[in-house]
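One structure is given here, and the rest of the page talks about it.
The values are calculated or read from the model by the stated rules, or taken from the named source; none is laboratory data. This is a predicted model, so every value here is computed, not measured. Cβ sites come from the backbone with ideal geometry, for glycine too, and all protein chains shown count toward neighbours. For the accessible areas, the whole protein counts, side chains as well, though only heavy atoms, and no ligand, DNA or RNA atoms are used. Shrake-Rupley method; radii C 1.70, N 1.55, O 1.52, S 1.80 Å.
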There are 2 protein chains.
Amino acid sequence: MSQTGTSVFPKRFVHVNTVGSALGGGRKVSIPLAYGYPAPETFPIAELSEATVSALQESGPEMLQYSGGSGQQKIVEWIRNRSRLRSIYAEEKNILVTSGSNQGIDLAARALAEPGDEVWVEAPTYFGGIRAIQLAGASLRAFPIDSQGLCVDLVEEALMKAKKDNGKIPKFIYILPNYQNPGGTALSLERRKKLAELAYHYNFYIVEDDAYVELNFTGHTLPSIYSFAPDRVIYLSTFSKIVAPGIRCAWMIAYEEILKRAKILKSDGLTSVFVQETISCLLEKMNFDKHVQKLIACYCSRKDAMVQAIHNDFQDEVSFNEPAGGFFLWLTFPSFIDTSYMLEKAYKKSVNFIPGNAFFLNKTTSSHLRLAFSSCDEESINRGIERLAEIYFKMRNSL
Amino acid sequence: MSQTGTSVFPKRFVHVNTVGSALGGGRKVSIPLAYGYPAPETFPIAELSEATVSALQESGPEMLQYSGGSGQQKIVEWIRNRSRLRSIYAEEKNILVTSGSNQGIDLAARALAEPGDEVWVEAPTYFGGIRAIQLAGASLRAFPIDSQGLCVDLVEEALMKAKKDNGKIPKFIYILPNYQNPGGTALSLERRKKLAELAYHYNFYIVEDDAYVELNFTGHTLPSIYSFAPDRVIYLSTFSKIVAPGIRCAWMIAYEEILKRAKILKSDGLTSVFVQETISCLLEKMNFDKHVQKLIACYCSRKDAMVQAIHNDFQDEVSFNEPAGGFFLWLTFPSFIDTSYMLEKAYKKSVNFIPGNAFFLNKTTSSHLRLAFSSCDEESINRGIERLAEIYFKMRNSL
């Protein structure tokens, strides 16, 4: 191939976090604790098969055309109804079906921000979110989380200072309020309200990534941030954790002006109407609440197994908050531990995880790591934690 | 809702052509000649139903997970084999499955160009292409087409002048070489070779949008531009016209460096693996060549009907090139006709088309229009053309 003199990277690629690109492409291990893959045994395979056949039978020509049939209206109606559980009262015009939640973050980031703008995020936070915001050209600034989620008081301080010093007010704050990825924390009610107030007062938006909200182990859910600031929040959720991620179907709820921009940016047009019509048929036919109860039972049991195994095998050497839902545990080791180095050892024992540095801006090392308890059964989780503990104690004792 | 002080449009939205946003959302008519919707009676509905059932049965848990199963490798293998018919000899690493061709244009535009860059296009050209390039922030410059496609001699002159005057060489040229949308023309072999030469000589890329290549009414296809400049061309094609558009599945062929960037920008992750696995199963089971022959017979017959109707009803009042494939006829009326005004009249007779100005940069009026012969049967086409001719003669006679 000849030299490619014009292949200079456009500026949008500079300093982009590409951790997520490795998704599914990493080294194979027998006990995968790295990525938040849903448990495949919970996928409604037979129901999905029936739903596809029915949908094609009932409305094949429409559901294969660019514009789709009535399934899209039905799926939007389902989203509207389900969202009421989060105190979200949205109209059809406020809902956009997206090809996965990640696309939602990308659309929101590009609809709201441009080079020169600032966006504030949690530390740690989801690497896909970091990347989407970086690709929109915005600069990132991170604020810590504690056991109650984002430290909103620190955000308020920074906003006051920015206003006083004529500094930058963020275009938006990206936040995962429920069972944060990777932290596992849930944002307290008080902080939700406070953040909504700040958004109005300082004139910024909030991108509320609520991918895990259904997977709630306590039976008690808080109202969404959206419910306190419907014209300030872009709310994202997804079928990935409650039906299956391979279908790529999620949604965005926002006020019309934002949705109009998101649609312009959505270069795949409508999200596969074949998929939308199939899911709408599936939702009509299945007992969704029963299905979610099954998911919760599965993930809660795996979480319990992982928590117990860590207590047994690590003793007091590692700290973490027990999550009230979701897929992840976030471990903090003594500061002399570099979890990237630990991962190299883990691969040799055919187990993996994601080192903490992937979830921070510009961090090269970290003594944190994220474990996903979603895709392995209890026995594998026990074996995986045992292996990680062996690695850890060997590392610690050799230092 | 409160006032939204921060809702200033990011610069990327300024001057964006949003014609395509109306796709499927326009006014309903009984004879739709506006959009290039494939004939729904050609959709392989029963085969797709069987393919989904088989695929879910054979590899349900894998095909619903983020990463998918073996179907993706199979679909890429099919694309590799099929591309040889266009003299494209690509490896697996050069192929990316996308969620529709339009996503491919968007990814290519953002992978290659950034604000301040120039991109050159055909005049007229596909409005979705214009929009994707505008959203990447590039400035557009257009070059006319004639009966042989893009006037490559004018492109060469402009390149020479740009080099001499220290002007801007385009980052890429966006072109539809086969049965151009909307022009219906095919780029001649000589011009394909010349354009490839120029790309090497002046150091730019070519985005070759080949959505209609399979729908060839003559039995004679030219080699792709890609075949003359594999490391200078991003080649795009799609399942939308040969299986169904509602599934949203297409592909990009390019050298690795470009593909790497496209993957970073592809915010929906892998294109729905559920869809990919289903299509790969469909392609395995169906007689694809026979299916394409059926499509060609259908579209060629509709094209013939439209050409005949125009000759009959418009006499010599309108000029056009008879297309050798694809979905479209591009009509040129006397210059005193404004086709946007004509469209208002057409809606009243329940027929539509796309006025020519949608396919040019910054044009407000045009005496051209695009007709799609793809989605209506011969009888409807006859009635539609009859109505348009009535409108035209009334307009002409009243001027």
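Quick rundown of the values:
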{"quantity": "Count of residues meeting criterion [more than 11 Å from A:ASP106 (Cα to Cα) and touching a residue at least 60 places away in the same chain (Cβ under 8 Å)] in region B:253-266", "calculated": "9"}
{"quantity": "Scan of region B:146-165 for residues that are charged (D, E, K, R) and part of a helix (DSSP H, G or I), ordered by number", "calculated": "B:ASP153, B:GLU156, B:GLU157, B:LYS161, B:LYS163, B:LYS164"}
{"quantity": "Residue count for region B:230-239, restricted to those that are of a type outside the set (S, T, N, Q) and assigned to a strand (DSSP E or B)", "calculated": "4"}
{"quantity": "Some residue of region B:99-113 being of a type outside the set (Phe, Trp, Tyr), in contact with a Cys (Cβ under 8 Å, 6 or more places away or on another chain), at the interface with another protein chain (Cβ under 8 Å from one of its Cβ atoms) and within 30 Å of A:PRO44 (Cα to Cα)", "calculated": "yes"}
{"quantity": "Flag for A:VAL213 being at pLDDT 95 or above, within 14 Å of chain B (Cβ to nearest Cβ) and buried (at least 21 other Cβ atoms within 10 Å of the Cβ)", "calculated": "no"}
{"quantity": "Selection status of B:GLY68, at pLDDT below 95, within 9 Å of chain A (Cβ to nearest Cβ) and in a helix (DSSP H, G or I)", "calculated": "no"}
{"quantity": "Checklist (1) closer than 22 Å to A:THR98 by Cα; (2) part of a helix (DSSP H, G or I) applied to A:ARG302, failing item", "calculated": "(1)"}
{"quantity": "Residue, nearest to the other protein chains (Cβ to nearest Cβ), within region B:117-145, restricted to residues that are assigned to a strand (DSSP E or B) and open to solvent by 30 Å² or more (accessible area, probe 1.4 Å)", "calculated": "B:GLU118"}
{"quantity": "For B:ALA389: the one exception among (1) at pLDDT 95 or above; (2) part of a helix (DSSP H, G or I); (3) open to solvent by 10 Å² or more (accessible area, probe 1.4 Å)", "calculated": "(3)"}
{"quantity": "Qualifying residue in region B:163-185 (condition: of a type in the set (A, V, I, L, M, F, W, C), closer than 25 Å to B:GLY219 by Cα and modelled with pLDDT of 95 or more)", "calculated": "yes"}
{"quantity": "Number of the condition not met by B:ALA22 [criteria: (1) at the interface with chain A (Cβ under 7 Å from one of its Cβ atoms); (2) modelled with pLDDT under 65]", "calculated": "(1)"}
{"quantity": "Some residue of region B:84-92 being within 14 Å of chain A (Cβ to nearest Cβ), buried (at least 17 other Cβ atoms within 10 Å of the Cβ), under 28 Å from B:LYS193 (Cβ atoms) and touching a Ser or Thr at 6+ places or on another chain (Cβ under 8 Å)", "calculated": "yes"}
{"quantity": "So B:ALA229, is it within 13 Å of chain A (Cβ to nearest Cβ) and either of a type in the set (D, E, K, R) or under 30 Å from B:GLU156 (Cα atoms) (or both)", "calculated": "yes"}
{"quantity": "Condition met for A:ASP316 (acidic (Asp, Glu) and assigned to a loop (DSSP other than H, G, I, E, B))", "calculated": "yes"}
{"quantity": "Residue satisfying all of: in region B:184-228; hydroxyl-bearing (Ser, Thr, Tyr) and assigned to a loop (DSSP other than H, G, I, E, B); farthest from B:PHE288 (Cα to Cα) among these", "calculated": "B:SER188"}
{"quantity": "Evaluation of B:GLU77 against (1) without any contact (Cβ under 8 Å) to a residue 40 or more places away in the chain; (2) acidic (Asp, Glu); (3) within 11 Å of chain A (Cβ to nearest Cβ) (one fails), failing number", "calculated": "(3)"}
{"quantity": "Total residues in region A:240-270, condition assigned to a loop (DSSP other than H, G, I, E, B), closer than 16 Å to B:LEU270 by Cβ and more than 7 Å from chain B (Cβ to nearest Cβ)", "calculated": "2"}
{"quantity": "Test result for B:ARG248, surrounded by 18 or more Cβ atoms within 10 Å (Cβ to Cβ) and closer than 25 Å to B:CYS376 by Cβ", "calculated": "yes"}
{"quantity": "Cβ-Cβ under 8 Å pairs, at least 6 apart or on other chains, region A:267-293 side in contact (Cβ under 8 Å) with a residue 12 or more places away in the chain and closer than 18 Å to B:GLY246 by Cβ, far side hydrophobic (A, V, I, L, M, F, W, C) and open to solvent by 10 Å² or more (accessible area, probe 1.4 Å)", "calculated": "A:GLY269/B:LEU23; A:LEU270/A:VAL97; A:THR271/A:VAL97; A:GLN276/A:VAL97; A:GLN276/A:LEU270; A:SER280/A:TRP78"}
{"quantity": "Extreme residue, farthest from B:GLY36 (Cα to Cα), among residues of region B:319-347 that are in contact with a strand residue (DSSP E or B) (Cβ under 6 Å, 6 or more places away or on another chain) and in a loop (DSSP other than H, G, I, E, B)", "calculated": "B:PHE320"}
{"quantity": "Residue in region A:216-224 that is under 24 Å from A:GLY100 (Cβ atoms), hydrophobic (A, V, I, L, M, F, W, C) and out of contact with any Ser or Thr (no Cβ under 6 Å at 6 or more places or on another chain) present", "calculated": "no"}
{"quantity": "Looking only at region B:39-65, and only at residues there that are outside any helix (DSSP H, G or I) and facing chain A (nearest Cβ under 7 Å), the one that is farthest from A:ASN102 (Cα to Cα)", "calculated": "B:PHE43"}
{"quantity": "Residue among B:GLN103, B:GLN72, B:GLN57, B:GLN65 that is touching a Ser or Thr at 6+ places or on another chain (Cβ under 9 Å) and open to solvent by 40 Å² or more (accessible area, probe 1.4 Å)", "calculated": "B:GLN57"}
{"quantity": "Count of residues meeting criterion [polar (S, T, N, Q) and open to solvent by less than 10 Å² (accessible area, probe 1.4 Å)] in region A:307-346", "calculated": "1"}
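Each row is one residue, and each column tells you yes or no for (1) under 28 Å from B:PHE172 (Cβ atoms); (2) in contact with a strand residue (DSSP E or B) (Cβ under 8 Å, 6 or more places away or on another chain); (3) of a type in the set (Lys, Arg).
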{"position": "B:PHE239", "(1), (2), (3)": "yes, yes, no"}
{"position": "B:ARG248", "(1), (2), (3)": "yes, no, yes"}
{"position": "B:TYR255", "(1), (2), (3)": "yes, no, no"}
{"position": "B:LYS263", "(1), (2), (3)": "yes, yes, yes"}
{"position": "B:SER267", "(1), (2), (3)": "yes, no, no"}
{"position": "B:VAL273", "(1), (2), (3)": "no, no, no"}
{"position": "B:GLU277", "(1), (2), (3)": "no, no, no"}
{"position": "B:SER280", "(1), (2), (3)": "no, no, no"}
{"position": "B:GLU284", "(1), (2), (3)": "no, no, no"}
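One line per residue, one yes/no per condition, for (1) in contact with a Cys (Cβ under 7 Å, 6 or more places away or on another chain); (2) in a loop (DSSP other than H, G, I, E, B); (3) aliphatic (A, V, I, L, M); (4) open to solvent by 10 Å² or more (accessible area, probe 1.4 Å):
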| residue | (1), (2), (3), (4) |
| --- | --- |
| B:HIS291 | no, no, no, yes |
| B:CYS298 | no, no, no, yes |
| B:LEU369 | no, no, yes, no |
| B:GLY384 | yes, no, no, no |
